[in-house]
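Quick notes on the structure that follows.
The values are calculated or read from the model by the stated rules, or taken from the named source; none is laboratory data. Note that the structure is predicted; figures quoted are calculated from it, not measured. Cβ atoms come from the backbone with ideal geometry, glycine included; neighbour counts cover every protein chain shown. Areas reflect the complete protein model, heavy atoms only, side chains present, ligands, DNA and RNA absent. Shrake-Rupley method; radii C 1.70, N 1.55, O 1.52, S 1.80 Å.
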Amino acid sequence: MSRPLEGKLAIITGSSRGIGAAIAENLASKGCNIALNYTSPSSTSIANDLAAQLTSSHNIKVVPIQADIGSPEGPAKLVQDVKSAFSSSDNTFQIDIIINNAGIAQNALLPDVTIPQFEATYRVNVLGPLLLVQAAQPYLPKDRSGRIVNISSVSSSTGFVTQSVYGGTKAALEAMTRTWSRELAQNATVNAVNPGPVEGPMYASNAEVFLEGIEGWIKHTPLMKAQEGDVKDESLPDGTRAARTGEIAGVVGMLCGMEAGWITGQVVCANGGMVMLH
């Protein structure tokens, strides 16, 4: 079977679990070598296990690399560690794909937002991707074959309660997506993927006031309707489901293919059929 990303190299931030791990699986199945980035030492064993599984299943090279994307030095360290791990015998090195997936949310109503919350969220969600692309730029392809995909959120434009900071970071990430698509036009396409609720602990951890506010939006989103066999999530309205991580990964994988070479500077909705409530 043809593997369209055979021999290419992808850096995926925040990829030990959740959407990041699903993206790693998707790209690995297409023959792509993977640098699995994670932040916390507690994720080391998870990342190692995922790397071993992907290597065995897809006969590719996978290297887990710990680096804090939210620190000033973390993104550059990640690129250097990836270069050390993946440089060829003749010392050539190229980064074909970057997936800016790592992100945090510290949601709070306006009176309760703190400066530490603001700074931490913008460091991981905005500064981290910027510094990573900056450090990786010298190693991007010179023939427009590169792919950069930023994982955003519907919160960038829907104004959900408690998300002054998180929504702002994702709007900033989308703005950078459009700028990079022009500045890096000779190297790579640059797009963002904009999911709605996705299975996993991050969505379930939201406050009740947020879950109440998003309920109508979920009910009006076509593919959010549950089918027989879907796992019930108590944080979602009855009769609905969240996106599976693999469904988001499928959209990202599509944007990483050579057939997506005419798509750049775009925010691609991957939220079951976007419905804006006014």
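Charged neighbours of GLN106, selected by a Cβ distance under 14 Å, balance to 0 (K, R count +1; D, E count -1). Straight-distance candidates among the lysines for linking to LYS142, with alpha-carbon spacing under 18 Å and chain neighbours fewer than 8 residues away dropped: LYS8, LYS83. When the surface is traced with a 1.4 Å probe over the full set of protein chains, CYS269 keeps roughly 70 Å² accessible. With 5 Å bins beginning at zero, the pair-distance distribution over Cα atoms of segment 46-136 amounts to 2, 13, 17, 19, 18, 13, 8, 5, 3, 2, 1, 0 %. For chymotrypsin sites (Phe, Trp or Tyr not before Pro), the sites in segment 69-163 that DSSP calls loop and that have at most 16 other Cβ atoms within 10 Å are PHE93. Solvent exposure of ASP238, expressed as accessible area, is near 130 Å², computed with a probe of 1.4 Å over the protein chains only.
As a calculated quantity, the FRET efficiency between SER71 and VAL209 at R0 = 41 Å, using C-beta atoms, amounts to about 0.85.
Inter-part distance, segment 1-73 to segment 185-205, computed on C-alpha centroids, equals 16 Å.
Taking max minus min of the alpha-carbon positions on each principal axis, segment 91-239 gives extents of 54, 42, 26 Å, largest first. The modelled label-to-label distance between GLN186 and ASP112, using points 7 Å beyond Cα along the C-beta direction, is 5.1 nm.
How would you classify the chain from its alpha-carbon gyration tensor, with a ≥ b ≥ c the square roots of the eigenvalues: rounded for a/c under 1.5, else prolate if a/b is greater than b/c, otherwise oblate? Here the chain falls in the prolate category. Applying both filters, DSSP loop and at most 16 other Cβ atoms within 10 Å, to the GluC sites (Glu not before Pro) of segment 178-278 gives GLU228, GLU234. Sorting the segments 33-40, 106-113 by their residues' average number of neighbouring beta-carbon atoms within 10 angstrom, most packed first, yields 33-40, 106-113.
Bridgeable lysines around LYS77 (alpha carbons under 20 Å apart, same-chain partners fewer than 8 residues away excluded): LYS61.
About the centre of its Cα atoms, the chain shows a dipole size close to 740 debye [charges on the beta carbon of Lys, Arg (+1) and Asp, Glu (-1) only; nearest 20 debye]. Which stretch or stretches of segment 29-49 have amide N atoms under 17 Å from the point lying 7 Å from ALA120's Cα along the Cα→Cβ direction? Of the residues in segment 29-49, 39-43 have backbone N under 17 Å from the label point off ALA120.
The alpha carbon convex hull volume per residue for segment 167-278 rounds to 126 Å³. Look at the alpha carbon pairs under 8 Å that are at least 6 residues apart: their mean separation over the length of the chain gives a relative contact order of 18 percent.
All other residues whose Cβ lies under 15 angstrom from that of ASN125 are scored, Lys and Arg at +1 and Asp and Glu at -1, for a net of -1. Of the trypsin sites (Lys or Arg not before Pro) found in segment 135-205, the ones in coil according to DSSP and having at most 12 other Cβ atoms within 10 Å of their Cβ are LYS142. Look at the dipole of the chain built from charges on Cβ: of SER84, SER43, GLY74, the Cα furthest out on the positive end belongs to SER84.
Summing +1 for each Lys or Arg and -1 for each Asp or Glu among the other residues whose beta-carbon sits under 12 angstrom from that of PRO75 gives -1. Once the gyration tensor of the Cα atoms in segment 1-47 is diagonalised, the equivalent ellipsoid follows with semi-axes of 22, 9, 7 Å, ordered largest first.
Within the same chain, lysines fewer than 8 places from LYS219 are excluded, and of the rest, those with a Cα less than 29 Å from its Cα are LYS170, LYS232.
Take the Cβ atoms of ALA85 and THR44, set R0 to 25 Å, and the FRET efficiency comes out at 0.95.
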